[in-house]
1. With the structure loaded, tell me whether Val57 is in a helix (DSSP H, G or I), of a type in the set (A, V, I, L, M, F, W, C), more than 18 Å from the chain's Cα centre (by Cα) and farther than 30 Å from Pro17 by Cα or whether it fails that test.
2. Confirm whether Ala51 is within 30 Å of Ser71 (Cβ to Cβ), part of a helix (DSSP H, G or I) and modelled with pLDDT under 80.
3. Quick one: which residue in Ser71, Ser109, Ser131 is of a type in the set (S, T, N, Q), modelled with pLDDT of 75 or more and on the phi < 0 side of the Ramachandran plot?
4. Considering only residues that are exposed (fewer than 11 other Cβ atoms within 10 Å of the Cβ) and either charged (D, E, K, R) or touching a Phe, Trp or Tyr at 6+ places or on another chain (Cβ under 8 Å) (or both), which ones fall in region 21-45?
5. Go through the residues of region 22-32 one by one and say whether even a single one is in a helix (DSSP H, G or I), within 17 Å of Phe9 (Cβ to Cβ) and modelled with pLDDT of 80 or more.
6. Hey, can you tell me all the residues within region 74-88 that are modelled with pLDDT under 80 and aliphatic (A, V, I, L, M)?
Amino acid sequence: MPLALIVKFVTALMAGPFGKLIEAHVKDAELRRKIEAELQVQMLAELGKEAALGQAVVLAEVQSEHWLTRSWRPLLMMTLLGFLVLVGLVLPVADLIAGYPVPFNPRWSALPEGFWQFLSVGVGGYIGGRSVEKIIQKAPLPGPRRKA
């Protein structure tokens, strides 16, 4: 997830359910602000760790010596792109040239029930992961800067 989206998510949680829970049990306003601030810092740190672990997995795959480990994500995307080109471009053009619908009967019913949902989540994760990877490479995460 992009850092801005993570910050919005944490802020929404603090303004919503977590903030109400803290407000209900902590009466001192100053203590409540300190707890909320510390909770936000801890949540952002944990989400940052998860993002770093995800990045480490992707980097390990990219740097692997095995061809299939390095290439499975691009191969998946090229396969899906090929399917979309077939169904969205090749078959309609074939229908126009032939003058009638070309018989194309894939066995969609043979696929498990949650297949398309799983596929959309997986592809969305791939695209999001690649975006995060590029963002992290270009802009380091904010934090205290050390003097060299």
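The values are calculated or read from the model by the stated rules, or taken from the named source; none is laboratory data. What you are looking at is a predicted structure, and each value in this text was computed from that prediction instead of being measured. Note that we place each Cβ from the backbone using ideal geometry, even for glycine, and neighbour counts take in every protein chain shown.
1. In short, no.
2. In short, yes.
3. Result: Ser71 is the single residue among Ser71, Ser109, Ser131 that is of a type in the set (S, T, N, Q), modelled with pLDDT of 75 or more and on the phi < 0 side of the Ramachandran plot.
4. The answer is Lys27, Asp28, Glu30, Glu38.
5. Looking for residues that are in a helix (DSSP H, G or I), within 17 Å of Phe9 (Cβ to Cβ) and modelled with pLDDT of 80 or more, one finds none in region 22-32, hence no.
6. Answer for region 74-88, where residues must be modelled with pLDDT under 80 and aliphatic (A, V, I, L, M): Met77, Leu80, Leu81, Leu84, Val87.
Here's the yes/no breakdown for (1) among the β-branched types (Val, Ile, Thr); (2) touching a strand residue (DSSP E or B) at 6+ places or on another chain (Cβ under 8 Å); (3) in contact (Cβ under 8 Å) with a residue 24 or more places away in the chain:
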| residue | (1), (2), (3) |
| --- | --- |
| Lys8 | no, no, no |
| Thr11 | yes, no, yes |
| Met14 | no, no, yes |
| Leu21 | no, no, no |
| Ala24 | no, no, no |
| Ala29 | no, no, no |
| Ala45 | no, no, no |
| Leu53 | no, no, no |
